[in-house]
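Each value in this text was obtained by applying a stated rule to the coordinates, not by laboratory testing. Note that the structure is predicted; figures quoted are calculated from it, not measured. Cβ atoms come from the backbone with ideal geometry, glycine included; neighbour counts cover every protein chain shown.
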Amino acid sequence: MGFFSDRGHETHVISFAPVESRHVKAIEEAGGKFHGVIGGFHLKKFWVTARDLWKLKGVLRRERIDILHCHFLGANTWYAALSNFHPLVVTVMGGDVCGKDWKPGADLRERWLTPLALRSADLVTCWSAPLTQVVRGYCQPEKNVEVIHGGVDLRRFNPGDRPQYLLKRWNLPENARVALSSRLMRPLYNLDKIVIAAGEVCKKNPEAYFLFAHLNEAKDESYETKVHDLIREGGASDRVRFIGPIPHDEMADHYRLANVTVSIPETDGTPMTVLESMACGTPVVVSDIPDYDPHYIEPGKTVLSVKPQDTAGLADAILRLLSEPDLAKQLAAEAGNRVRAGGSYEAQMSRMEELYLSLLSNV
């Protein structure tokens, strides 16, 4: 939003999820205008759905919106499709479309409205190239399906000295070899597998420490209990830190603190946490899954990859990056080059602006 506001465009937001006052403040600081929340899509309480659809259409009409852009393939895209507004852009991120054999869910709304939304879209963007192949079959043949992701702010995420203040904050020794996980506390992201691997890594490397950062409001509490139980069973409690959410202005320093970043979800798009780590010069261990764009995530060239359920393989990969500096530098250098070549926030948003203008020229 900040990018487009700075370019002189008006930006407006309607949320399909609860929004706190700090989120509204962030929208306004980025130059946007917030128009409230539309709720879930109800079939039985059809009058609630009709009310929210009327609200959406009212904002589109009143604010003279030129382009309606839906982020994430869910209830928001259903409302957008039923509004019959064009041009309509739909962005698929990876958590909404999972795996090469993905199909809309069995729920009546998903089975009918998700294909409708993709067919209605004048442009679909995906966060990785493999995702385009999955969704293309649901789109009109003549419509564009492009790869666009959020992009990395290279002014903020770049190599730098190890931040001493974080060593003190997290009670880490000067010689600590740090593995960082910054994905959500949910089963999809396999933090339990990372914890099991952490026990093996800590047994073999006395300098190894693990940091887990995740949003408190987006966690699965029963899964969190399981993860903490596994830490105690693995005997590595004294070398594992749960550090909570990291402020955005400290995120780059945490990558600079780490010697390796670990991200092994079952499915994914183009994860910004991985690209940010690459931009900071920190090597990454990722899942061996077909979801990733090989331009950025190429096993053996820019990352090490393991099967998400292979805890022994994960431990070995982390140990290699902690103990083989030449390998770590080689992977980090190539990964950083690829992110800088086309993965920046400016490059991705500039491409999105070109696509917007192209849509408007055809109206």
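Some notes on this structure:
- Of ASN216, VAL227, CYS202, farthest towards positive along the dipole that unit charges on Lys, Arg, Asp, Glu beta carbons give the range 164-342: CYS202
- Under 5 Å between amide hydrogens, built in the peptide plane, is the criterion, and for VAL147 it picks out CYS126 among residues at least 5 positions away or on other chains.
- FRET efficiency estimate (nearest 0.05) - Cβ-Cβ, GLN330 to SER21, R0 56 angstrom: 0.75
- Pair ARG51, ARG64: separation of 7 Å Cα→Cβ label points (nm): 3.1
- Treating r as the C-beta distance of ASP310 and HIS71 and R0 as 22 Å, the FRET efficiency rounds to 0.10.
- Label-point gap, in nm, between GLN140 and SER5 - each point 7 angstrom along Cα→Cβ: 3.3
- Computed over neighbours whose Cβ is under 13 Å from that of GLY58, the net charge equals +4, Lys and Arg +1, Asp and Glu -1.
- Taking the C-alpha atoms only, the angle from helix 221-234 to the longest principal axis of the chain is near 10 degrees.
- At R0 = 22 Å, FRET efficiency that the Cβ-Cβ distance of ASP229 and GLU174 yields, to 0.05: 0.10
- With K and R counted +1 and D and E -1, the other residues having a Cβ less than 10 Å from that of GLY269 yield a net charge of -4.
- The range 1-139: C-alpha gyration tensor shape, a/c 1.5 cut-off, then a/b vs b/c: oblate
- Calculated Rg/Rh (Cα atoms, Kirkwood Rh) (choose from (1) 1.01; (2) 0.99; (3) 0.95), label: (2)
- Stretch gain in nm, segment GLN164-SER222, where the contour uses 0.36 nm per residue and the Cα spacing is subtracted: 17.4 nm
- Point-to-point label distance, LEU116-LYS204, nm (Cα→Cβ direction, 7 Å offset): 5.4
- Counting only alpha carbon atoms, the long axis of helix 46-62 and the longest principal axis of the chain meet at about 80°.
- The chain: angle of helix 325-342 to the longest principal axis, Cα-based, in degrees nearest 10: 20
- Using every pair of separate Cα atoms, the Kirkwood estimate puts the hydrodynamic radius of the range 164-342 at 16.0 angstrom.
- Cleavage-rule hits, trypsin sites (Lys or Arg not before Pro), the range 207-301, DSSP coil, Cβ neighbours within 10 Å at most 13: LYS301
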